[in-house]
Each structure stands twice: as C-alpha cells, then as structure tokens.
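Colleague: Structure incoming, see below.
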Amino acid sequence: MTKILVTAKVNPDLDGTACTLAYADLLTRTGREAEGFIFDAPQSEVKYFIQKQGIQIPVKEDKEFSEWNEFVFVDASSMKGMPKMVIPEKVIEIIDHRSGEPEKEFPNAKIQNELIGAAATIVVERFIRTGLKPKPEHAKLLYGAIFHNSLNFISSNVTQRDRDAVNYLERDFNLSQNLVHEMFDFSTREVLENVAQALEMDKKDVVNGNNVIGAYQLVVWGNKVLEQKQKIKETINKLAEKSNVAWSFLNLVDLENKKSYIFSTSAEGKEILTKAIGSKFDGEWSVLDKAWLRKQIMPLVASQGQLN
C-alpha cells in the first residue's frame, strides 16, 4: 500500500507543524495511509504547545529514510529547506499560501496555493468540507497557527477565510484568544532568553537571481529584544559567513506596537530593501510603520533584481 509522509520545512514554524499533524490525520480518517512528522527542532511558538498545552509533536531527525513512497507538503511549495528524504517527483499534493510556481518543480502534485493568512486555514476548510472535525489538540495548533501567521490579525495577508476558520475553531472547540496571548508571551520569552538560537533556527537562505540572500524573521510581543542589537548583528554575520550569502536581513515583527524593524549591514541590501518596501535606514536599522511578513517582503525584493 502507498505510504504518505505529510511534512513541512525542517525546523518548522507553528503553521507547518499544525498542518502536518492535522492534515495527516484527515488523510488517515478518509482512507489514506498517511503519517505526519516534523524534522529537527520546532520553533519557539511550537514549544508553547508542547510545554504548556501538553501536546505531543512527533519529531524525527532530518536524514535519509526509505519508509515513505509519496509526499505531501504543507506550508511549503519548494524543495528549499525540505527534509532530505523527499523526492520531488513523488510529491503528490501541496497546500501553501505564498506566491510562487510550485507546478514547475512538482509536476505530479495537486496544488492548492492561495494568498491567505495561513495554510492552517486551508486545512480547517478541508475538515469542514468533509464533515469531520480535527482532534482537539490539533484544533489548538491550527488556531494558534492562524493567529501567528497573520501576526495576530494585523498583517495585510489576512482574509475573511482566516477569520471564518478562527470563528469555527472558537465555536466548536471552545477556544479563546487567551491561548493566543499565552503563546505570544511564551515565544517572546524564548527569543529573549536565546536570541542567537532563535535566529539560527529561523535561518532561511533564499535564491534571488544569481544571489543567495539570508532572510530572517522573529515575531515578538514588544520591542525589548532590541536591547540585544549587538547579539543580533553578531549572530547574523556569523550565519552569513557559514552560508556564503550575498547579503542578509532580519524582519523583527513587534506585535504590540504593530511595526516591523528591519536590520541589514549590507549597503546593497539596504538599497534593495528601501526600493522594495520603503525602508529608511538609520545606520543598520529601519522602522516600518506597519508589520510585514518575510513572505511578503521577499517577492518585492526579488522584483528589484540585483544591483550592479
């Protein structure tokens, strides 16, 4: 029998984790042999659900396996950052919510890739259409994922579909935004305790033309992490040397003040970011008057090409 692995990127965020577990369960309950695993370490907001909500998250080391013969991607639509055992030709389905052309990379996949707040919203909609309900622990993960990926519903990528999914989860699972507040408080404390580790876990190298850009993102409540500017600079420079990227930037999202703080040491990077999103740098930092997501910034950066 065909055995399906449902998974997200290595070191997944909450959206990837929630979708992995919930969608694997939905496939199993509708007659498919599917398993959901995340690979390597979960990020800080996922740790909240492990440590404070007691939810079991199945984790495997990122190395070669041969136990699956088909793959489903959730909150992901390219091979960049995916687990090592994935075979592109055997990817049969993709659920994602970012701009891209996954059909070029995965010719055999059924693709639902829509510009909404969270991939978790699509998974919730799948449950509603089948008349099934997610497990209560999965409902909590999906609920938190929609809030986290929509930046507590202040991001411009939020849609009515995201709101409808949240309303469904609140109504049918007695969930409230107290859980969301606890999640953001917990994940912010995790970042403050070890900002270098948080950056390393979030590390994403993005191909842009002939260049590779190091693109980092931290989502926190309040701007206390700005007290660690030197540690941020040291860590990003160290990671850039390891990856041999052309330049790097950090998008630090402050949910309390509804702003993004952009950091870059690269003259080229700062010029591109200024053209792409209107950053006005004072030294190595720029403050934007609204909260942005990295997935919103990168297409605009790509549209600028590379400077000569």
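Colleague: For a Förster distance of 25 Å, can you work out the FRET efficiency between the beta-carbons of Glu170 and Gln197, rounded to the nearest 0.05?
Modeller: Working: r = 33 Å, r/R0 = 1.31.
Efficiency for this residue pair is about 0.15.
Colleague: How far, in degrees from 0 to 90, does helix 267-277 lean away from the longest principal axis of the Cα atoms of the chain, to the nearest 10?
Modeller: Taking the Cα atoms of the chain, the angle to 267-277 is about 60 degrees.
Colleague: R0 = 25 Å: FRET efficiency of Thr265 with Glu103, Cβ-based, nearest 0.05?
Modeller: Working: r = 37 Å, r/R0 = 1.47.
So the FRET efficiency works out to roughly 0.10.
Colleague: Can you list residues whose amide H is under 5 Å from Gln217's amide H, if they're 5+ apart or on another chain and H is modeled 1.01 Å from N?
Modeller: Asn251
Colleague: What is the Å³ per residue value for the convex hull set by the Cα atoms of the chain?
Modeller: Each residue corresponds to 126 Å³ of Cα convex hull volume.
Colleague: Counting only residues 5 or more places away or on other chains, whose amide H sits under 5 Å from the amide H of Glu70 once H atoms are built in the peptide plane?
Modeller: Counting only residues 5 or more places away or on other chains, the set is Lys3, Leu5.
Colleague: Sort largest first and round to whole Å: the equivalent ellipsoid semi-axes of region 40-91, each the square root of five times a Cα gyration tensor eigenvalue.
Modeller: Largest first, region 40-91 gives 25, 12, 10 Å.
Colleague: Quick one: divide the alpha-carbon radius of gyration of region 121-168 by 2.2 N^0.38 Å and tell me what you get.
Modeller: 1.10
Colleague: If you take the alpha carbon radius of gyration of region 209-308 and divide it by 2.2 N^0.38 Å, what ratio comes out, to two decimals?
Modeller: Working: Rg = 12.8 Å, N = 100, 2.2 N^0.38 = 12.7 Å.
Working it through for region 209-308, the quotient is 1.01.
Colleague: Give the share of C-alpha pairs in each 10 angstrom bin for region 4-182, from 0 to the last occupied bin, in whole percents, shortest bins first.
Modeller: Result returned by the calculation: 10, 41, 38, 10, 0.
Colleague: Size of region 78-227 along its principal axes in angstrom, Cα-based, largest extent first?
Modeller: 48, 42, 29
Colleague: Can you tell me the orientation of helix 119-130 relative to the chain, as the angle in degrees between its alpha-carbon axis and the longest Cα principal axis, to the nearest 10?
Modeller: For 119-130 against the chain, the angle is about 20 degrees.
Colleague: Then there is this: For the peptides 109-122, 59-72, what is the packing order when you average, over each peptide's residues, the other Cβ atoms within 10 Å and list the highest mean first? Each step should come with its number before you reach the end.
Modeller: On the way: 109-122: 21.9, 59-72: 14.5.
Per-residue mean Cβ counts within 10 Å order the peptides as 109-122, 59-72.
Colleague: Let me ask you something else. Pairing the Cα long axis of helix 177-193 with the longest principal axis of the chain, what angle in degrees results, from 0 to 90 and rounded to the nearest 10?
Modeller: 50 degrees
Colleague: Further question on the same structure: How large is the convex hull of the C-alpha atoms of region 149-196 per residue, in Å³?
Modeller: 84 Å³
A short reminder: the numbers here are calculations on the coordinates, not readings from a lab. Quick caveat, the model's predicted, so the values are computed rather than measured. Reconstructed Cβ throughout: ideal geometry from the backbone, glycine too, with neighbour counts over all protein chains shown.
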